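Taking it in order: structure first as structure tokens, then the write-up.
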Amino acid sequence: MTRIRTLGVALLMASLGPLAGAQTLLKVDARAATPAPQTGHLKLGAARSPQGHTLAANSQYLMQDGQPWLPVMGEYHYSRAPATQWDAQLRLMKAAGIDIVASYVFWNHHQGQPGAFDWKGNRDLRRFVQLAQAAGLKVIVRLGPWAHGEARYGGIPDWVVDKMPTRSNDTEYLGHVERLYAEIGAQIKGLLWKDGGPVVGVQLENEYNLRGPGRGEDHIRALKALALKAGMDVPLYTVTGWDGTVYPSGEVMPVFGGYPDEPWATSTKELPPKETHAFRFDTRVSGDLGAQTQSHQPGTAETDKDKVPFLGAEYGAGLPAMYRRRTLVSPDDIAAMLPVQLGSGVNLLGYYMFHGGRNPVGAGGTGLEESSLSGGYNDTPRISYDFQAPLGPDGQQREVLTRLRPFHHFLRDYGARLATMTVRQPERTPANPADLQTPRWAVRSNGDSGFLFFNNHVRQYAMPAQAGVQFEVQLPGGALKLPSRPVDIPSGAYFIWPLNLDLDGVKLRYATAQPVVRLDAGALGIVHVFAPTPGVEAEFALADGVKTLASTGAQMLAVGTAQGRAVNVLLLSTEEVRQLNVLDLAGQRRLVFSAQQAWVADGKLQLRGLATEPLRAAVFPALPKPKAPGLTVTQDGALQQLSVKADTPALEVKTTATRPAGNAPRILKGGLANAALQPIPEAFATAAGWSLQLPAQLPAQAEDVLLELDFVGDIGRVFNGTRLLDDWYYNGQRWQIGLRQFGLKAGATLDLSVLPLRADAPVYIDAAHRPAFAAGQTQVAELRGARLLPIRRVSIAP
């Protein structure tokens with residue numbers, strides 16, 4: 001971790017310069033009264049816990065204990081992950097700012113054949129829910145029976161699909177669904193909110209837009225009745241609301257989503273700008289989310305808009321791997337969606353997927369992935385479900401997480417205020433998502449308080465810098481103009497700025513920096529932490545004038561007192577914000593800065609990272625008496641510095657070419673998408689091969705060892721003997737595989753096969769990563785590198 005700078009405590013005075021350049025005044029009228037939320041339409045389940053805590057929803061937002069609640073939800077599929085990892089990974093999600101963990105129950109992961117269900121090991125739903133509760137997370141169980149989730153037959157077992165009509169009120173089908181729901185109900189019995197447990201909601205079906213007898217509203221109503229019969233009486237019942245979904249209004253709440261690209265599309269070129277990066281003022285439905293069925297008329301969600309809150313469940317924290325489109329998103333492609341969705345009115349920020357995984361193997365070795373061979377619309381890897389998620393399949397932290405966390409912290413401390421605020425449409429807005437010139441922004445406000453949302457990033461399209469910008473927000477108490485002078489907003493910038501924000505009794509008229517965390521720092525008083533806006537000077541407008549802070553390092557500004565305590569703002573640098581965790585340690589919330597993973601377990605600070613490098617963290621306020629083997633503790637101004645030396649030498653994996661590539665067959669087009677099809681199994685006879693010799697012993701002190709492969713080709717596969725451990729569609733992303741879970745013998749040899757990528761392959765790969773073929777070269781299958789990354793974890797008692 002780059003050394004975090006010492007916190008300043010001096011009062012910094014503002015310096016105003018001359019107005020320079022032409023002004024672009026962006027206006028919005030936010031004077032209209034915020035409509036009162038309506039109740040009585042939604043038929044919710046048991047909402048009170050034995051401890052007296054309540055959950056509810058009105059037409060605008062969720063409520064917890066009678067107060068507005070704007071949580072963050074992240075998807076993590078228990079049956080696609082080793083059960084040995086669940087506890088640590090759920091705690092990592094909690095530390096990342098997740099409030100609710102959601103998971104599909106894939107029917108075919110539990111009942112591959114007629115008869116008994118399998119709820120053991122990696123399929124132990126009950127234990128997963130219990131661990132989520134221990135980690136401080138609430139749970140939403142996505143019941144299916146049809147889930148999609150890039151699963152074979154959407155998760156419905158083969159024997160059901162082969163025998164009877166599905167996704168309808170067919171008597172035989174509903175009989176099997178009733179048993180499925182009864183089994184799920186037994187798994188989570190005693191763990192519902194009404195029992196003092198973490199399960200606050202269930203989702204019925206997925207992307208359901210089928211109409212006709214025994215379908216549509218009647219089918220969703222029947223599924224809810226079966227869920228209730230199985231004992232699943234919960235505060236929240238949801239369905240997905242996009243792609244023309246139909247459902248009985250009032251019985252369930254629709255949830256929405258959006259992705260920055262479409263791997264399920266058929267184009268082999270860059271797509272037009274996605275509307276997930278453009279504010280929406282008239283609809284909650286965000287483009288094509290890849291539903292397997294099509295609707296040609298508006299769904300219930302369109303007519304329900306004023307009756308139910310705007311909840312999200314599938315805002316893509318990454319993208320799935322699909323054979324014909326290998327999209328690789330940047331951290332900013334994902335994070336830039338957040339101010340857009342929040343500024344468009346989202347009051348539950350739900351991600352799909354927040355944690356990657358791997359598909360289990362079905363009965364008789366059947367692959368459980370979505371595939372054109374089994375009638376699916378898409379071809380997906382047999383094993384890998386990496387999803388480019390913020391937390392990889394083996395818990396590795398991806399760079400995108402460092403961009404998302406500040407927004408999660410913001411919602412935890414300021415989300416209750418935001419939840420009550422109405423979306424205000426500016427005077428001038430882009431004509432459509434392809435309009436890259438008109439500034440993209442919105443305001444949400446309630447009375448004279450609000451937040452300003454801005455986005456100047458669109459995936460794969462260069463956005464112009466917005467020059468000489470000032471905003472004028474008409475509020476009931478008068479116009480608010482900001483900043484004090486025009487500013488240039490750079491290409492790629494995205495942010496949230498506060499308007500008339502109450503800082504514990506001190507009024508902040510506006511700031512050109514984003515609120516992140518409210519911290520009770522003890523003797524130092526209350527500290528409101530802010531993130532800078534790249535390229536824009538940080539202004540804090542107070543009763544006595546406008547103050548500026550430099551964004552080059554942590555700077556403190558005293559802004560007033562409340563009830564005898566100091567109130568401060570703390571501006572961090574961009575690097576510091578990206579390393580910021582907010583953790584409860586030794587009875588107090590603390591700021592923990594680390595480039596490595598940081599979370600809390602058993603009351604101790606956990607640090608996880610490469611065993612070949614020191615593990616470091618900076619803590620504020622300081623821990624009382626931090627202790628751990630090999631721990632060095634120093635004080636740097638207000639920050640307590642913790643460091644543990646590296647304890648493992650670099651490991652080597654020996655690679656040997658074992659088989660040259662043959663001539664890969666031409667890629668065929670067809671299937672439901674009439675697009676490139678994944679090669680048939682026999683095509684892998686042309687794959688190039690390498691042996692990967694592991695060290696005689698993997699370091700005992702390492703929690704895991706990641707095998708990282710850098711290859712170029714079409715499809716990579718890693719075997720231990722004849723057992724397929726993992727597979728990967730080449731897209732330019734490094735492929736990592738955690739080895740501990742496989743129980744490999746000392747000195748094991750793995751085998752890598754790489755199917756050649758043909759120069760004429762009708763598949764999309766981002767331009768930056770598509771191989772450059774030399775004249776006359778028809779295919780490529782190369783292993784450019786392989787290495788082992790030992791991972792360790794250190795527990796620090798506070």
**Message:** As a test of reading the structure, rank LYS43, LYS604, LYS274 by solvent-accessible area (1.4 Å probe, protein chains only), most first.
**Reply:** LYS43, LYS604, LYS274
**Prompt:** Taking amide H positions as placed 1.01 Å from N in the peptide plane, with prolines and chain starts having none, which residues 5 or more places from LEU639, or on another chain, fall under 5 Å of its amide H?
**Reply:** LEU7
**Asked** Does the stretch 629-684 come out rounded, prolate or oblate by the C-alpha gyration tensor, with a ≥ b ≥ c the root eigenvalues, rounded set by a/c under 1.5 and, if not, prolate when a/b is larger than b/c and oblate if not?
**Response** oblate
**Item:** the stretch 114-256: equivalent-ellipsoid semi-axes (sqrt of 5 x gyration tensor eigenvalues, Cα, Å)
**Value:** 24, 19, 14
**Message:** I need the phi-derived Karplus couplings for the stretch 613-620: 6.51 cos²θ - 1.76 cosθ + 1.60, θ = phi - 60°, integer Hz, Gly and Pro marked x.
**Reply:** 10, x, 9, 9, 8, 10, 10, 9
**Request:** Run the numbers on the stretch 703-790 and let me know its relative contact order in percent, using alpha-carbon pairs under 8 Å that are six or more apart.
**Result:** 45
**Packing-based ranking, highest mean first, of 546-552, 492-498 given that Cβ atoms within 10 Å are counted** = 492-498, 546-552
**Item:** Charge tally in the Cβ shell below 15 Å around ILE188, where Lys, Arg are +1 and Asp, Glu are -1, ILE188 excluded
**Value:** +4
**Item:** Built amide H within the under 5 Å cut-off of LEU725, gap 5+
**Value:** VAL718, PHE719, ASN720
**Prompt:** With every protein chain left in place, what is the accessible area per residue of the stretch 653-703 in square angstrom, probe 1.4 Å?
**Reply:** 58
**Asked** When ligands, DNA and RNA are left out and all protein chains stay put, how many square angstrom of accessible area per residue does the stretch 273-406 have with a 1.4 Å probe?
**Response** 25
**Prompt:** Tell me, what ³J(HN,Hα) does each residue in the stretch 459-470 have, in order and in whole Hz, if you take phi through Karplus 6.51 cos²θ - 1.76 cosθ + 1.60 with θ = phi - 60° and put x for Gly and Pro?
**Reply:** 3, 6, 10, 6, 9, x, 5, 8, 8, x, 8, 9
**Request:** Kindly identify the stretch 475-538 as rounded, prolate or oblate by the Cα gyration tensor criterion: order the square roots of the eigenvalues as a ≥ b ≥ c, call it rounded if a/c is under 1.5, otherwise compare a/b with b/c, prolate if a/b is larger, else oblate.
**Result:** oblate
**Fill in**
Of 581-588, 481-488, 240-247, ordering from highest average Cβ density within 10 Å down gives 240-247, 481-488, 581-588
**Asked** Taking all protein chains as present, what is the carbon and sulfur share of the accessible area of the chain, in % to the nearest whole number, probe 1.4 Å?
**Response** 50
**Prompt:** In straight Cα distance, which lysines are under 20 Å from LYS269, not counting same-chain residues fewer than 8 positions off?
**Reply:** LYS669
**Prompt:** Considering only protein heavy atoms, what per residue accessible area in square angstrom results for the stretch 149-255 with a 1.4 angstrom probe?
**Reply:** 31
**Request:** Just order 450-462, 400-412 by mean Cβ neighbour count inside 10 Å, highest at the front, would you?
**Result:** 400-412, 450-462
**Asked** How much of the calculated P(r) for the stretch 257-404 lies past 27 Å, in percent of all Cα pairs?
**Response** 27
**Message:** Skipping prolines and chain starts, which residues have an amide H placed within reach, meaning under 5 Å, of the one on GLY560, given they are 5 or more residues away or on another chain?
**Reply:** VAL567
**Prompt:** Rounded, prolate or oblate: which fits the stretch 173-214, taking a ≥ b ≥ c as square roots of the Cα gyration tensor eigenvalues, rounded meaning a/c under 1.5, else prolate when a/b beats b/c?
**Reply:** oblate
**Item:** Sequence-separation-based contact order of the chain, relative, with Cα cut under 8 Å and 6+ spacing, percent
**Value:** 13
**Request:** May I ask you to list the lysines whose Cα is less than 18 Å away from that of LYS547, ignoring any residue fewer than eight positions away on the same chain?
**Result:** LYS481, LYS507
**Prompt:** What number, in nm² with one decimal, is the all-direction average of the projected area of the convex hull of the alpha-carbon atoms of the stretch 701-786?
**Reply:** 6.8
**Prompt:** So in the chain, what percent of DSSP beta bridges are antiparallel if you round to the nearest 5?
**Reply:** 75
**Asked** Under a straight-distance cross-link criterion of Cα-Cα below 12 Å, which aspartates and glutamates are reachable from LYS43, leaving out those fewer than 8 residues away in the same chain?
**Response** ASP233, GLU251
**Request:** Quote the relative contact order of the stretch 352-509 in percent (integer), defining contacts as alpha-carbon pairs under 8 Å separated by 6+ residues.
**Result:** 14
**Complete:** With x for Gly and Pro, the residue-by-residue ³J(HN,Hα) of the stretch 499-510, computed from phi through the Karplus equation 6.51 cos²θ - 1.76 cosθ + 1.60 at θ = phi - 60° and given in whole Hz, is 10, 6, 8, 7, 9, 6, x, 9, 7, 9, 4, 6
**Message:** Could you compute how fast the stretch 566-605 diffuses translationally, taking Rh as the Kirkwood radius over C-alpha pairs and applying Stokes-Einstein at 10 °C with viscosity 1.306 mPa s? Give it in µm² per second.
**Reply:** 139
**Asked** Given the protein chains as shown and a 1.4 Å probe, how many square angstrom of TRP728 are accessible, to the nearest 10?
**Response** 20
**Item:** Residue (of GLN466, PRO699, MET421) at the positive-pole extreme of the chain, dipole from beta-carbon charges
**Value:** PRO699
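The values are calculated or read from the model by the stated rules, or taken from the named source; none is laboratory data. All of these numbers come straight from a predicted model, not from anything done at the bench. Note that each Cβ is placed from the backbone with ideal geometry, even for glycine, and that neighbours are counted across all protein chains shown. We work out accessible area using only protein heavy atoms, side chains counted, and drop any ligands, DNA or RNA first. Shrake-Rupley method; radii C 1.70, N 1.55, O 1.52, S 1.80 Å.
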